[in-house]
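Quick notes on the structure that follows.
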């Protein structure tokens, strides 16, 4: 019984990380509007990679992820993308 409960809890926590970015963005948008927040934007961006990880196996360097100047309010698609909140 304990193992079943533990497994259910772990799956519950990891499901949100694999959520669709569009669905999660819509949920966050709805929460912000419900709180009366106006003049903001939500943007889905790739997670920034450490400098050492940008070098591919072939020796070519990949373009680093774009620097953002907002607040990370969610992650999605297996923690490969972030949802960034910016006030306008």
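Derivation of every value follows stated rules applied to the coordinates shown; laboratory data play no part. Every value quoted in this text rests on a predicted model; they were computed, and no experiment measured them. Note: ideal-geometry Cβ built from the backbone for every residue, glycine included; neighbour counts use all protein chains shown.
Summary of values
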| item | result |
| --- | --- |
| Count of residues meeting criterion [without any contact (Cβ under 8 Å) to a residue 60 or more places away in the chain and either more than 12 Å from residue 41 (Cα to Cα) or in a strand (DSSP E or B) (or both)] in the range 78-88 | 6 |
| Hits in the range 17-45 - residues which are within 12 Å of the chain's Cα centre (by Cα) and assigned to a loop (DSSP other than H, G, I, E, B) | 19, 20 |
